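See below for the structure under consideration.
The values are calculated or read from the model by the stated rules, or taken from the named source; none is laboratory data. As the structure is a prediction and not an experimental result, all values here were calculated from the model. Methodologically, a virtual Cβ is constructed for each residue, glycine included, from the backbone with ideal geometry; neighbour enumeration extends over all protein chains shown. Please note that ligands, DNA and RNA were not included when accessible areas were found on the heavy atoms of the full protein model with its side chains. Shrake-Rupley method; radii C 1.70, N 1.55, O 1.52, S 1.80 Å.
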Amino acid sequence: MRPADMSSPPVSLNPTTTHPMSKYRWTIVALLFVATTVNYLDRQVISLLKPLLAKEFGWTESDYGDIVIAFTLAYGTSTLLVGHIIDRIGTKLGYIGSILVWSLAAMAHALAGSTAGFMVARALLGLGEAGNFPASIKTVAEWFPKKERALAVGIFNSGANVGAVVAPAVVPAIALAAGWQAAFIATGAIGFVWIVAWWLMYDVPTKHPRVNAAELAHIADEPAMAGDAAATDLVADASATGWGSIFRNRAIWGFMAGKLLTDPIWWFFLFWLPSYLSDVYHLDLKKLGLPLILIYLVATFGSVSGGALSSRLIARGWNPTRARQYAMLLFAVCVVPVIAISKMGSMWPVIAILSLAVAAHQAWSANIFTVAADQFPKQVLSRVVGLGTMAGTLGGAMFPLLVGKVLDKYKLAGQLSEGYNQLFYIAGVAYLVAWVMLYLFVFRHAKKTSLPS
């Protein structure tokens, strides 16, 4: 008699399978977290090495500003193109191409011998890094149901804060031990390790051997919840993938406005907090570490818990749009206390307020990306995220001009701390204004339903 075939049967797509649900989607989000950490690590190397490089190459502040602008403009103007490419070729190859470009660009800094050379390297870095968020958000939409997307985005987005903590710990040590060129080469090379892991471990859920039928059913579980704003043209018609269809969906304008108004505040927190603490509280490089690490560690908590909040509300029966609406209103309110910084008499209460504000931004960021994922089909999501990132980067490039003028004005008057206070006033209201824009274009179009008790 022929022996029975002992090979494993193919995975059944029957969602009623009795096998425990696989959880491979969390492995995918871990890969996204690592990629985002590497993204911010590579981005920050030059700022940490600025004193050394400025001395070696004779940079003025204007020279360094030109280098920063080269990155910002390349990053902001290429997100739309990169998002379109990722939509066309898919997340697996699209993400590999993005990290390949930015890793090579990061290492190419070591070859720069002039200001122009660094500008070229930074522009290429911006071009590559522009693919990180479009690819990550599209991946989350492919791998997670709506009720888990904000949590997944919050987890991978926290890599931005981890990168901000890791960079000061490793970059100066490498530069002092082996030279500044080695710092660029070593950090850039990390991306190639990630590429290998992504190639071996990633595929879309329906083709992945590590995903069973129960997890596929969980990923595809998109119940029609009362009050969900799923009646927009694009959500209703996933075949509408042209640019015209994107711009006819009112949600794109809310998403872009939200990014335009709040991303500049994040860049202000990221790039000016060290100067603020130095100028106002006279902290030197040795004393800056503890307050900055504390702020970014709290921000990491904000990113994850902020994503978890709306996911928790959805799990309790709230429809996704309403969950994002109320969660994001809470986060916007949590930034408002920065207005009171001028009334603080010592540094540590200020650090507490700033930690809350930066954490609230990261929670906001996790949810605003998820709003886009909720409102658009996967086929266009990278382009949508590219549009939002472009709007945010435009604001991020314009706001520093205001920051510089305000601080210069008050510095000449001997009131530099008041200059920072004026900027904190702007930061305190920016998220509420952004929330109103999201309400007008997205949230209010959801059907009115009673909230669960």
So SER103, is it open to solvent by less than 30 Å² (accessible area, probe 1.4 Å) and either polar (S, T, N, Q) or at positive phi (or both)
yes
Where a residue in segment 36-57 is charged (D, E, K, R) and its partner, wherever it lies, is in a helix (DSSP H, G or I), with Cβ under 7 Å and at least six apart:
ASP42/TRP102; ASP42/ALA106; ASP42/LEU125; ASP42/THR187; ASP42/GLY188; ARG43/GLU129; LYS50/TYR64
Condition first: under 12 Å from ILE341 (Cβ atoms) and either open to solvent by 70 Å² or more (accessible area, probe 1.4 Å) or small (Gly, Ala, Ser) (or both). Now tell me which residues in segment 412-441 satisfy that.
SER417, TYR425, ALA427, GLY428
Tell me, please, whether a residue that is modelled with pLDDT under 85, closer than 20 Å to GLY404 by Cα and of a type outside the set (A, V, I, L, M, F, W, C) can be found in segment 78-89.
no
Based on this model, can you work out whether LYS409 counts as modelled with pLDDT of 80 or more, of a type in the set (D, E, K, R) and surrounded by fewer than 18 Cβ atoms within 10 Å (Cβ to Cβ)?
yes
If you check every pair at least six apart or on different chains, which have Cβ atoms under 7 Å apart with a residue in segment 171-197 that is farther than 15 Å from LEU100 by Cα and modelled with pLDDT under 95 first and a residue that is open to solvent by less than 30 Å² (accessible area, probe 1.4 Å) and not in a helix (DSSP H, G or I) second?
VAL171/LEU49; ALA175/LEU49; TRP180/LEU49; ALA183/LEU49
Could you tell me whether any residue of segment 298-312 is in contact with a Ser or Thr (Cβ under 9 Å, 6 or more places away or on another chain), modelled with pLDDT of 85 or more and farther than 30 Å from ASP221 by Cβ?
yes
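Got at least one residue in segment 56-65 being at negative phi, outside any helix (DSSP H, G or I), at pLDDT 55 or above and over 27 Å from the mean Cα position of the chain (by Cα)?
Of all residues in segment 56-65, those at negative phi come to 56-57, 59-65.
Then drop every residue that is not outside any helix (DSSP H, G or I), which leaves 59-60.
Applying the additional criterion that residues be at pLDDT 55 or above yields 59-60.
With over 27 Å from the mean Cα position of the chain (by Cα) added as a condition, the list becomes 59-60.
Scanning segment 56-65, I find at least one residue that is at negative phi, outside any helix (DSSP H, G or I), at pLDDT 55 or above and over 27 Å from the mean Cα position of the chain (by Cα), so the answer is yes.
Out of the residues in segment 310-333 that are more than 20 Å from PHE255 (Cα to Cα) and not basic (Lys, Arg), state the one that is surrounded by the most Cβ atoms within 10 Å (Cβ to Cβ). Explain how you work it out, then say what you get.
Residues of segment 310-333 that are more than 20 Å from PHE255 (Cα to Cα), as a first pass: 312-318.
Okay, now just the ones that are also not basic (Lys, Arg), so 313-315, 317-318.
Details: LEU313: 22, ILE314: 25, ALA315: 13, GLY317: 12, TRP318: 23.
Among those residues, the one meeting the criterion is ILE314.
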For segment 89-100, indicate whether the set of residues that are open to solvent by 50 Å² or more (accessible area, probe 1.4 Å), without any contact (Cβ under 8 Å) to a residue 60 or more places away in the chain, more than 19 Å from the chain's Cα centre (by Cα) and closer than 18 Å to ASP203 by Cα is non-empty.
yes
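So that you can scan it fast, the table gives a plain yes or no per residue for (1) in contact with a Gly (Cβ under 7 Å, 6 or more places away or on another chain); (2) part of a helix (DSSP H, G or I); (3) of a type in the set (D, E, K, R):
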residue	(1), (2), (3)
TRP253	no, yes, no
MET256	yes, yes, no
ILE265	no, yes, no
LEU273	no, yes, no
ASP279	no, yes, yes
LEU294	no, yes, no
VAL298	no, yes, no
GLY302	no, yes, no
GLY306	yes, yes, no
May I ask you to list the residues in segment 212-236 that are within 28 Å of GLY131 (Cβ to Cβ) and either outside any loop (DSSP other than H, G, I, E, B) or modelled with pLDDT of 90 or more (or both)?
GLU215, LEU216, HIS218, ILE219, ASP233, LEU234, VAL235
Of those in segment 113-137 that are polar (S, T, N, Q) and buried (at least 20 other Cβ atoms within 10 Å of the Cβ), the residue farthest from PHE376 (Cα to Cα) is ASN132
Quick check: is even one residue across segment 147-169 surrounded by fewer than 19 Cβ atoms within 10 Å (Cβ to Cβ) and on the phi > 0 side of the Ramachandran plot?
no
If I ask for residues that are touching a Ser or Thr at 6+ places or on another chain (Cβ under 9 Å) and at pLDDT 85 or above, which ones from segment 265-279 would you list?
TRP266
